[in-house]
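Worksheet for the structure shown next.
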Amino acid sequence: MIDPTPLHAASRDKAWTTALFIGAALVLLAGIGLRAPWPADEPRFAQIAREMVESGQWLFPLRGGEPYPDKPPVFMWLVALSYSLTGQLKIAFLLPSALAAAGTLWLVHDLGRRLWGSEVARWAVLVLLFTPQFLLQAKTAQIDALVCFWITLGCYGLLRHFLLGPAWRWYALAWVAMALGIMTKGVGFLPMLLLIPLALWARSERAASAPPVWTRRAWIGPMLLLLTLAAWLGPMLWQVQASGDAELAAYRDNILLRQTAGRYANPWGHFKPWHYFLTSAIPLVWFPLAVLLVAQWRRLVALLREDVRARSLFAWVVLVLVFFSLSKGKRDVYILPALPMLSLVGAALWARVQEAGAGRKTAGVLRGVLLVLGILVLVLGLIALQRPEALGEKASDYAEAIADLAWPLVVLGSLVLAATLLSWRRPLFQQLALVSLMCWVFVAFWVWPVMDPHRTPRQLMADLETRVPGETEVGLIEFKEQFLLFSHRPLTHFSYLATASEQERRAWLWLQEDRTRVLLVPDGLELACFDTGRQQRLGTAHRRDWVLLDATAARAACVPPDNRQTYTWQPRRMDILQ
């Protein structure tokens, strides 16, 4: 007679995995379409994608008609493709990150299942779902969730080949993914570092009778990487050379040199000490995974010593951290691509903890932290309701936003406490993921809509239409991309890349050419060519007052600009985010 127990266990595993991914999908898609792009990066990428679709020019990303040289184009291409398919920018700008996160979850689960089994695979997915950095990037329109997916796919392909293979198709796909990662944010080559631990340890672990995976055929990988890069670089470089355009040549030099090796070796911002990731970033953005690894460090050491799979993944994570630590410029999001592989190590470690019947103290500490977080959020909401001035000296600058957020914070804190207590007897990872997913659903459906008016210039641009006749041309000094997104008319700017003083001098000349024109500028800007005593206040956006300057405010003379370059953005649709 056939024992039905394994069949029932397999059925439960499948049902639990299906429910897990359905829940993850609902959270990843929650709130899409309920808010507009928010500064600093989202309006930029959304506007560039919009210009690609409306102009039909996808090779050179444009921001208000000006080439945007700071990032390679793949993420903007995907936002533009989503916009082309949906016709709704409020939906399209968040889709690539959500889909990339879903793909990362699938890769981690499938790799964990093949390396350690279905239980470890599910735990690894849960680790990602309760680690703040992963879902934060998944639910914002920044490049990092996508580059994390490409790098994870690169690692997945290499591991499928060298640990579980040979699997030459996955090996080839890994190198294509690395190329796409480079075309997304430059650091897509990071899976190459995985070859070091794989060569050191995994090679010796393979049985002598196993088919070889380190052969001359492996050179096809780097060739595929170069061919994939050439599919973008070839047309771009040819177009730059053929056009003879100095502006496109500057784009080429910036995107290939300054924003890659130059930014790594000689960064111009985000300066942090060498230990920043270890002492400041990881304890916060990788909580509570970091707590688990530290609390169970003895079992972690044993796991790394005995299991070549975990040792290879952990060594790669260390190499990635070292790589980013060597640069003087550091941001929390730089280390996001290392998180999926570390989640697998954390899940394998937790399996050992469970087998030993240990981990109760660690679980108790983390459950207690959830209660403390719930209490803190609840208290913060109550303070915002009763004594908002107690939140700090700058609380008055955010008075309206604090008032709008007070009740959502009170409710969120109460929900965290209730969910933590009601799930107290659930397995730790399930409890952590449940609370995390509940919080993100709440944020997406309540906090985002409440905060949207405070994070966009919608009202300011509506006031512009009321104050300035429709036929009057409007110019921007120190403009932000969100002004273009919410504009109901064509707007002229004087190069995002130019200094404020250079923009001012160009704007003065532009105003002299047609004295019916007006300028929209931030209040408090030091202007040499205009009399700020004649400015007219328009409104507030992004915690800054904005004012109008017309020809009567222009001084009789102004130092000539270095050049007279201006850009006029003429949108095809004026209600793009309505």
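Listing for the model above:
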| read-out | value |
| --- | --- |
| Whole-angstrom Cα spans of the stretch 131-215 along principal axes, big to small | 48, 26, 18 |
| Rounded to 10°, Cα long-axis angle of helix 5-29 versus longest principal axis of the chain | 10 degrees |
| Residues of the stretch 132-197: accessible area per residue with a 1.4 Å probe, Å² | 24 Å² |
| Largest to smallest accessible area among Lys480, Lys90 [probe 1.4 Å] | Lys480, Lys90 |
| Carbon + sulfur, % of accessible area of the stretch 390-464 - ligands and nucleic acids excluded, 1.4 Å | 64 percent |
| Residue-averaged [θ]222 nm for the chain, counting only DSSP H segments that reach four residues, each worth -39500 (n - 2.57) | -18000 deg cm²/dmol |
| Cα-based helix-to-principal-axis angle, 297-306 vs the chain, degrees rounded to 10 | 70 degrees |
| Accessible surface of the stretch 271-311 [probe 1.4 Å, protein heavy atoms]: carbon and sulfur percent | 67 percent |
| Computed over the stretch 346-471, the ratio Rg/Rh where both radii use C-alpha atoms and Rh is Kirkwood | 1.18 |
| Over the stretch 432-474: Kirkwood hydrodynamic radius from C-alpha pairwise inverse distances, Å | 13.1 Å |
| Hull shadow area, averaged, the stretch 422-578 [alpha-carbon convex hull, nm²] | 12.7 nm² |
| C-alpha long axis of helix 95-115 to longest principal axis of the chain, angle in ° | 10 degrees |
| Cubic angstrom per residue, convex hull over Cα atoms of the chain | 180 Å³ |
| Å² per residue, accessible surface of the stretch 452-573 at 1.4 Å | 47 Å² |
| Order by protection proxy (mean Cβ within 10 Å, highest first), peptides 259-271, 345-357 | 345-357, 259-271 |
| P(r) weight above 15 Å for the stretch 26-65, C-alpha pairs, percent | 50 percent |
| Surface share of carbon and sulfur [accessible, 1.4 angstrom probe, percent] for the stretch 26-132 | 63 percent |
| Sequence ranges 154-160, 83-89, ranked by mean other-Cβ count within 10 angstrom, highest first | 154-160, 83-89 |
| Accessible-area order (highest first, 1.4 angstrom probe) of the listed residues Trp219, Trp106 | Trp219, Trp106 |
| Viscosity 0.692 mPa s, temperature 37 °C, Stokes-Einstein D of the stretch 441-505 from Kirkwood C-alpha radius, µm²/s | 239 µm²/s |
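The values are calculated or read from the model by the stated rules, or taken from the named source; none is laboratory data. For clarity, every value in this text was computed on a predicted model and none was experimentally measured. Positions of Cβ are backbone-derived with ideal geometry, glycine not excepted, and every protein chain shown enters the neighbour counts. The area values use the complete protein model at the heavy-atom level, side chains included, leaving out ligands, DNA and RNA. Shrake-Rupley method; radii C 1.70, N 1.55, O 1.52, S 1.80 Å.
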